[in-house]
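K.L.:
Structure provided below as structure tokens; questions to follow.
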Amino acid sequence: MRPRGGATTVNNTATDATDAADAPDVTEASDPTDATAEKAAPDEPDVTDTPGAPDDVDVSRRRWPRVLGALLAVALIATGGALYVEGRQLRDTPATANLALTDAAATTRVTGDVSSALGKIFSYGPGATAATRAAAKEVLAGKALQQYAALFGQVERQSADQKLTLTTEVVRAGVTRLTGSSAHLLVFLDQVYERRGRAPTTASAQLTVVAELREGRWWIVEIGST
């Protein structure tokens, strides 16, 4: 018969074996330190793929001044072109082309020349028609001279038969349009008719006159009544 102590030893050995079989395999378990590290370290973004990276910011900052400069240049060119066109239109308008509104000296000169010429060609006496005809050739040209020559023949006969004297005075003359070589005028006249043995008769007349600057002198080229 074996002693009881041996049985106890066998039982303890069997129990240790069973416990060893039930114990988990430590080598296959995940490392708790690694898990903690993974939780503590979040996913880091990829700096190279981020659109807001410092390099992109620097490029954008350098690009904006050039873009703004180009836009300002285009705006200035467009504004300058518009101002040029507008200024050209203002210079080419009929109002600014009319020297009667801007050149007082030229306006005064043509008014004086035309007024003096009309006073000469529309003033005559029974024995002075030849002088009047000669004066007309010095101040009239073109259509005005042709018309005057055709009518003055009748005036000479009437003046001789009726002893008629005509005195003409320009009371007002205005330049409606003036350029460097032509002028349009509206002229107001007072005329005094005298016949032998009768009281003088006064009449008023209005004429439209076109004059042209030729060789430094103003010549009347058209005369019309209003």
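Residue-by-condition table, conditions (1) of a type outside the set (Gly, Ala, Ser); (2) more than 47 Å from the chain's Cα centre (by Cα); (3) surrounded by 13 or more Cβ atoms within 10 Å (Cβ to Cβ); (4) farther than 17 Å from Gly125 by Cβ:
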| position | (1), (2), (3), (4) |
| --- | --- |
| Leu145 | yes, no, yes, yes |
| Glu156 | yes, yes, yes, no |
| Leu178 | yes, no, yes, yes |
| Ser182 | no, no, yes, yes |
| Leu186 | yes, no, yes, yes |
| Gln191 | yes, yes, yes, no |
| Gln206 | yes, no, no, yes |
| Val210 | yes, no, yes, yes |
| Leu213 | yes, no, yes, yes |
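K.L.:
Then there is this: Among (1) without any contact (Cβ under 8 Å) to a residue 24 or more places away in the chain; (2) part of a loop (DSSP other than H, G, I, E, B); (3) not acidic (Asp, Glu), where does Pro126 come up short?
P.N.:
Going through (1) without any contact (Cβ under 8 Å) to a residue 24 or more places away in the chain; (2) part of a loop (DSSP other than H, G, I, E, B); (3) not acidic (Asp, Glu) one by one, Pro126 breaks only (1).
K.L.:
Return yes when Gly197 is loosely packed, with under 15 Cβ neighbours inside 10 Å and more than 29 Å from Pro126 (Cα to Cα) and no when it is not.
P.N.:
No; evaluated as a whole, the condition is false for this residue.
K.L.:
Restrict the check to segment 169-181 and report whether at least one residue is part of a strand (DSSP E or B), in contact with a strand residue (DSSP E or B) (Cβ under 7 Å, 6 or more places away or on another chain), farther than 14 Å from Val110 by Cα and not charged (D, E, K, R).
P.N.:
yes
K.L.:
Looking at segment 94-112, is at least one residue open to solvent by less than 50 Å² (accessible area, probe 1.4 Å), at pLDDT 90 or above and closer than 23 Å to Thr201 by Cβ?
P.N.:
Scanning segment 94-112 turns up no residue that is open to solvent by less than 50 Å² (accessible area, probe 1.4 Å), at pLDDT 90 or above and closer than 23 Å to Thr201 by Cβ.
K.L.:
Here is a follow-up. Restricted to segment 158-171, and to residues that are within 11 Å of Gly125 (Cβ to Cβ) and not polar (S, T, N, Q), which residue is surrounded by the fewest Cβ atoms within 10 Å (Cβ to Cβ)?
P.N.:
Ala160
The values are calculated or read from the model by the stated rules, or taken from the named source; none is laboratory data. What you see is a predicted model; the values in this text were computed from it and never measured. Methodologically, a virtual Cβ is constructed for each residue, glycine included, from the backbone with ideal geometry; neighbour enumeration extends over all protein chains shown. Note: accessible area is taken over every heavy atom of the protein model, side chains too, but ligands, DNA and RNA are not part of it. Shrake-Rupley method; radii C 1.70, N 1.55, O 1.52, S 1.80 Å.
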